[in-house]
Each structure stands twice: as C-alpha cells, then as structure tokens.
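All remarks here apply to the structure that follows.
The values are calculated or read from the model by the stated rules, or taken from the named source; none is laboratory data. It should be emphasised that the depicted structure is a prediction, and the values quoted were computed from it without experimental measurement. Note: ideal-geometry Cβ built from the backbone for every residue, glycine included; neighbour counts use all protein chains shown. Only protein heavy atoms, including side chains, enter the accessible area calculation; ligands, DNA and RNA are left aside. Shrake-Rupley method; radii C 1.70, N 1.55, O 1.52, S 1.80 Å.
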Amino acid sequence: MDKYLICGLGNPGNEYEGTRHNTGFMVLDALAKASNIVFEDKRYGFVAEFTLKGRKIILLKPTTFMNLSGNAVRYWLNKENIEQSRLLVISDDVALPLGAFRLKGNGSNGGHNGLGNIQQLIGQNYARLRMGVGNNYPRGGQVDWVLGHYTDEDMKELQPSIDLAGEIIKSFVLAGLDITMNQYNKLGKK
C-alpha cells in the first residue's frame with residue numbers, strides 16, 4: 001500500500017493552541033475531525049492515520065516544538081518507509097496574507113524555523129503547503145505575531161482555507177503534486 005506522511009507544524013501545549021504558528025496543527029485537526037479519526041500520542045508527535053482509495057495517509061503533529069520539527073519528520077519517514085516525494089508539510093507563512101496559501105514542491109525555508117530544521121535533516125526537496133497568517137506587526141515583532149492568537153474575525157477569514165487545505169491534502173495523495181498545484185494555487189491568492 002502506498003503511504004503518505006502529512007506533517008502539520010506547530011508547538012505542543014495548550015498555551016499555543018489557536019496561535020498563528022500552529023496553523024499546520026489546525027489544518028490536520030480539521031482533516032482528522034472531517035475524517036472521523038483521532039490523534040494518538042506516539043514517538044515525536046501526535047499521529048492519526050486513515051486510508052483513502054487504497055493509500056495510507058499518516059497525519060503527524062510533531063511534539064518536538066517547531067525548531068526541532070525535522071526530528072519528527074525524519075523519524076516517521078524512516079519508521080514507515082515513506083519516500084520523501086510523498087511528504088507534505090503544512091506551515092504558517094507571514095509572507096502571505098491571512099487566508100492565502102501556496103503549494104510548492106521544494107524551495108527555501110523562507111525564514112521559517114520549522115521548515116529550516118526539516119531542511120537541515122532531509123534537504124529541501126519535499127512538498128510544502130504554506131498557509132498565510134499575514135504580517136500586520138511592527139518591526140521586530142514577528143515572534144510575538146506568530147505566537148499570538150487568532151481573533152474570531154481572523155478565523156472567519158482563515159477557516160475556508162483550512163477546510164480547503166484538507167481537499168489539497170487529498171488531491172496531493174490521489175492526483176500528485178503538479179496537478180494539485182495547478183488546480184489549487186490559483187484559489188490561494190488573496
């Protein structure tokens with residue numbers, strides 16, 4: 001059976017729930033809820049899995065904290081013997097407006113510590129879905145911004161993209177990266 005690893009980035013712990021930096025966790029939580037599956041506390045992360053048209057999808061929310069996310073990704077790729085081309089990482093991105101998103105096949109970490117750590121450990125050839133969180137912060141205020149909580153208004157704007165991200169993940173698994181990028185990236189522009 002073909003296996004896929006879908007990793008949403010965030011920080012574990014109640015104090016980080018609903019923060020911009022946990023947008024990757026929020027995407028996986030929404031997909032798990034829609035798929036009627038629950039996460040279990042396993043090595044290096046919370047893990048849930050389901051099958052989609054004969055393909056096994058493993059959802060991973062690392063518990064390593066953002067800056068060490070690569071440890072969890074590398075461990076689960078190796079443990080499950082999953083090719084890097086079947087890895088999709090979901091992260092927040094301050095370079096995109098709130099609610100915008102961009103699917104890419106590789107590239108730089110864009111200054112994102114979680115993506116940076118993954119890149120250090122496995123290289124930069126893996127798919128990533130960047131979820132825009134905006135950048136309405138003063139100079140030097142990026143850390144406070146990404147660790148800040150979404151408002152109810154923010155969530156109204158973000159929720160459709162979180163829901164769509166679940167469809168993007170399924171398309172990545174079933175149709176592949178290129179078709180998924182062509183189909184969805186135009187919808188992600190704000």
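No other residue among Ser108, Ser91 is touching a residue at least 60 places away in the same chain (Cβ under 8 Å) and polar (S, T, N, Q) apart from Ser91. Counting only strands (runs of 3 or more DSSP E) that fall entirely inside region 1-63 and contain at least 1 residues that are under 13 Å from Ile169 (Cα atoms) and hydrophobic (A, V, I, L, M, F, W, C), the qualifying elements are 3-8, 45-52, 55-62. For Gly141, the stated conditions do not hold, so it cannot be described as touching a Lys or Arg at 6+ places or on another chain (Cβ under 9 Å), over 24 Å from Leu5 (Cα atoms) and of a type outside the set (D, E, K, R). Selection of region 120-161 for residues being crowded, with 20+ Cβ neighbours inside 10 Å and either closer than 22 Å to Ile179 by Cβ or not β-branched (Val, Ile, Thr) (or both) yields Tyr126, Ala127, Arg128, Leu129, Arg130, Met131, Gly132, Gly134, Leu158, Ser161. The number of residues in region 108-119 that are open to solvent by less than 10 Å² (accessible area, probe 1.4 Å) and either part of a loop (DSSP other than H, G, I, E, B) or among the small types (Gly, Ala, Ser) (or both) comes to 1. Residues of region 163-177 that are in a helix (DSSP H, G or I), exposed (fewer than 15 other Cβ atoms within 10 Å of the Cβ) and free of Cβ contacts under 8 Å to residues at least 24 places away in the same chain: Ala175 alone. Return yes when Gly132 is in contact with a Pro (Cβ under 7 Å, 6 or more places away or on another chain) and closer than 23 Å to Asn14 by Cβ and no when it is not. Spelling it out, it is not the case that Gly132 is in contact with a Pro (Cβ under 7 Å, 6 or more places away or on another chain) and closer than 23 Å to Asn14 by Cβ. Considered as a group, the residues in region 30-69 that are touching a helix residue (DSSP H, G or I) at 6+ places or on another chain (Cβ under 6 Å) and aromatic (Phe, Trp, Tyr) include one that is most open to solvent (accessible area, probe 1.4 Å), and that residue is Tyr44. Is it the case that Asn135 is within 28 Å of Met155 (Cα to Cα), modelled with pLDDT under 95, touching a Leu at 6+ places or on another chain (Cβ under 6 Å) and in a loop (DSSP other than H, G, I, E, B)? No, not satisfied. Within region 36-47, residues that are within 12 Å of Glu80 (Cβ to Cβ) reach partners that are of a type in the set (Asp, Glu) and open to solvent by 100 Å² or more (accessible area, probe 1.4 Å) with beta carbons closer than 8 Å, at six or more positions or on different chains, in the pairs Val47/Glu40. Among the residues of region 70-100, those that are closer than 24 Å to Thr19 by Cα, open to solvent by 10 Å² or more (accessible area, probe 1.4 Å) and not in a helix (DSSP H, G or I) comprise Asp93, Val94, Ala95, Leu96, Pro97, Leu98.
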